[in-house]
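First comes the structure, then the notes that go with it.
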Amino acid sequence: MLTNLAARDVETLIHPYTHLDKFRETGPIVFERGEGVHVFDTAGRPYLEGMAGLWCTSLGYSNRELAEAAREQMEKLPFQHIFSGRSHDPAIALAEKLKEIAPVPISKVTFCSSGSEANDTQVKLAWYMSNALGKPRKKKIIARTKGYHGVTVASASLTGLPANHALFDLPIQNVLHTSCPHHYRFAEAGETEEAFSARLAAELEEMILREDPDTVCAFIAEPVMGAGGALVPPAGYFEAIGAVCAKYDVRVIADEVICGFGRLGTMFGSQRLGMAPHTISVAKAITSAYMPLGAVMLDEPMYQAMLEGSREVGTFGHGFTYSGHPTACAVALKTLEIYERERIVEGVAAKEPHFLHRLAALEEHPLVGEARGLGLIAGIELVADKATKRQYEVKAGVAAKAIAFCQEEGLILRNLMGDRIAICPPLIITQAEIDELFDKLGRALDRTLDWIA
Ligand code: PLP
């Protein structure tokens with residue numbers, strides 16, 4: 001029996017990433033409030049938020065300072081656009097701060113309101129740059145299967161997941177996908193991580209040569225892939241891929257929407273994984289998800305090309321009403337201040353060994369084929385046969401069942417395609433809460449095993 005709110009929901013809302021038909025029977029869980037790493041539903045039941053919402057609420061759910069920063073800015077100047085040369089302090093200060101903490105030299109920052117918009121902007125800027133430099137054929141962008149870059153027409157095209165393309169007539173032209181760097185699933189028998197990385201780099205090189213290097217402008221990747229499975233790349237991957245990109249003048253775009261701001265125990269995921277990007281997309285943890293905000297951080301050569309383009313056209317024809325929204329920027333500035341003051345990134349590095357130790361223990365479980373993570377993000381793959389890595393039939397819905405058991409245990413995690421379970425808690429999680437997370441997950445996996453039997 002659906003509660004009143006749930007019944008109203010079913011009649012009014014479209015839920016992303018939901019089986020819309022089955023949902024009519026089950027209805028939603030409606031949440032009411034949050035405290036630290038826990039959220040509470042309308043019946044007052046607590047859940048440990050093991051996904052930090054959607055990989056984003058890094059400072060948890062009840063940070064008063066962020067609420068205060070928003071209130072102060074809203075009272076002072078709730079909105080001011082930055083079109084046509086207008087500006088305001090929060091946008092300037094935030095752009096300066098991002099330049100200061102960037103992992104590579106950054107010339108300028110352009111703001112938007114989400115990760116999808118940031119990656120959409122990346123596509124447009126890559127094309128704009130090629131045109132401005134007199135290379136109109138250099139337009140192809142290479143992404144990866146299982147990569148996730150968002151849902152706008154361009155960013156969904158970069159995304160390498162079938163559900164984001166089917167029936168939407170995507171991907172658009174000039175977007176290609178190279179192989180997913182998931183060693184557990186795609187390496188050949190006996191292939192080391194380094195050899196697998198070298199093979200993927202060779203494959204990328206073949207693709208660039210086949211397409212003609214003069215037509216390929218950029219390669220985009222998440223440091224650790226999120227929605228595609230919470231996949232940590234194999235050793236040496238970004239070094240090998242980066243060398244190929246450099247050889248053919250292919251610019252590297254880091255999608256740091258999940259990994260940016262400490263997730264891997266370094267300020268940016270690129271730093272942890274040997275990735276040397278020319279431009280960077282950020283969103284999510286930039287405000288601990290308290291306000292919608294995204295940004296593209298771009299290098300000097302791109303800025304020079306943009307100057308050239310705007311001279312030619314008479315203006316730079318891109319930007320959103322909410323680009324550099326003052327309240328979102330004020331909250332982001334406060335978030336970055338808290339990361340520094342509370343040493344949040346160092347805290348992730350300190351908590352990583354315990355997190356990975358509890359994670360590794362899960363590989364003993366009869367259902368778990370792989371349990372791999374980095375910093376405070378991990379992916380677990382459930383298999384029917386550990387020796388052959390055989391998966392359960394999709395329709396058996398094993399990972400979905402495990403997630404339902406997690407929920408009954410008071411833990412929110414997320415199942416991804418291929419019977420994978422993602423873990424990505426708020427960065428403020430304590431060691432005791434990490435134990436609570438893995439204890440609950442362990443019980444849910446035991447119950448899943450009983451259910452299969
Ligand atoms: N890029 C990555 C790596 C993401 O994980 C996401 C969202 O999960 C996006 C881009 C899209 O961000 P948004 O949902 O804010 O549009």
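Just so it is clear, none of the values below were taken in a lab; they were calculated from the coordinates. As the structure is a prediction and not an experimental result, all values here were calculated from the model. Methodologically, a virtual Cβ is constructed for each residue, glycine included, from the backbone with ideal geometry; neighbour enumeration extends over all protein chains shown.
So, how do all the Cα-to-Cα distances of the chain break down into 10 Å bins, in percent, from 0 on up? The distribution over the chain is 4, 20, 30, 27, 14, 4, 0, given as percents.
For the range 321-407, the residue among ALA349, CYS406, GLY369 whose Cα projects farthest onto the positive side of the dipole built from Cβ charges is CYS406.
Please identify the GluC sites (Glu not before Pro) of the range 117-215 that satisfy two criteria: DSSP loop assignment and at most 13 other Cβ atoms within 10 Å. Which are they? The partial results should precede the final answer.
Working: sites: GLU117, GLU188, GLU191, GLU193, GLU194, GLU203, GLU205, GLU206, GLU211; in loops: GLU188, GLU191.
Counting only loop positions with at most 13 other Cβ atoms within 10 Å, the GluC sites (Glu not before Pro) in the range 117-215 are GLU188.
Only the Cβ atoms of Lys and Arg (+1) and of Asp and Glu (-1) were treated as charged; on that basis the dipole of the range 205-335 about its Cα centre amounts to roughly 700 debye.
Over the chain, calculate the relative contact order: mean separation of alpha carbon pairs under 8 Å at least 6 apart, over the residue count, as a percent.
Working: 891 pairs, mean separation 89.8, N = 453.
Worked out over the chain, it gives 20 percent.
Only the Cβ atoms of Lys and Arg (+1) and of Asp and Glu (-1) were treated as charged; on that basis the dipole of the chain about its Cα centre amounts to roughly 680 debye.
From the square roots a ≥ b ≥ c of the eigenvalues of the alpha-carbon gyration tensor of the range 3-73, which class results: rounded (a/c under 1.5), prolate (a/b over b/c), or oblate?
Note, shape of the range 3-73 comes out prolate.
Over 28 Å between Cα atoms, which of LYS135/LYS247; LYS146/LYS334; LYS108/LYS351; LYS108/LYS138 qualify?
LYS146/LYS334; LYS108/LYS351
When all alpha carbon pairs of the range 312-453 are counted in 5 Å bins from zero, the resulting P(r) reads 2, 9, 16, 17, 13, 10, 9, 8, 6, 5, 3, 2, 1, 0 %.
Determine the relative contact order of the range 6-149: mean sequence separation of Cα pairs under 8 Å and six or more apart, normalised by residue count, in whole percent. Show your work: numbers first, answer last.
Details: 85 pairs, mean separation 14.2, N = 144.
Once normalised by length, the contact order is 10 percent.
Projected label points at GLU308 and LYS108, each 7 Å from Cα along the beta carbon direction, are separated by 1.4 nanometres. Distance from the Cα centroid of the range 97-142 to that of the range 360-382 is 35 Å (rounded to whole angstrom). When both the range 1-57 and the range 181-217 are represented by their alpha-carbon centers, they are found 40 Å apart.
Assuming a ≥ b ≥ c are the square roots of the Cα gyration tensor eigenvalues, decide whether the range 292-378 counts as rounded (a/c under 1.5), prolate (otherwise, with a/b larger than b/c) or oblate.
Details: a/c = 3.27, a/b = 2.17, b/c = 1.50.
Prolate is the answer for the range 292-378, as a/c is 1.5 or above and a/b outweighs b/c.
For the range 310-365, the set of trypsin sites (Lys or Arg not before Pro) satisfying both a DSSP loop assignment and a count of at most 15 other C-beta atoms within 10 Å is given as ARG343.
Residues with beta-carbon under 15 Å from that of VAL39, excluding VAL39: net charge, scoring Lys, Arg +1 and Asp, Glu -1?
Working: positive: ARG33, ARG45, ARG414, LYS440; negative: GLU32, GLU35, ASP41, GLU49, GLU409, GLU433, GLU436.
Here the count lands on -3.
The residue list GLY317, PHE268, TYR303 was ranked by how far each Cα lies along the charge dipole of the range 258-321 toward its positive end, using unit charges on Cβ atoms, and PHE268 comes out on top.
Projecting the Cα atoms of ALA221, ILE101, THR12 onto the charge dipole of the chain, computed from C-beta unit charges around the Cα centre, puts THR12 farthest toward the positive end.
Quick check on the range 22-127: take the gyration tensor over C-alpha atoms, sort the square-rooted eigenvalues as a ≥ b ≥ c, and tell me if it's rounded (a/c under 1.5), prolate or oblate.
Because a/c hits 1.5 or more and a/b exceeds b/c, the range 22-127 counts as prolate.
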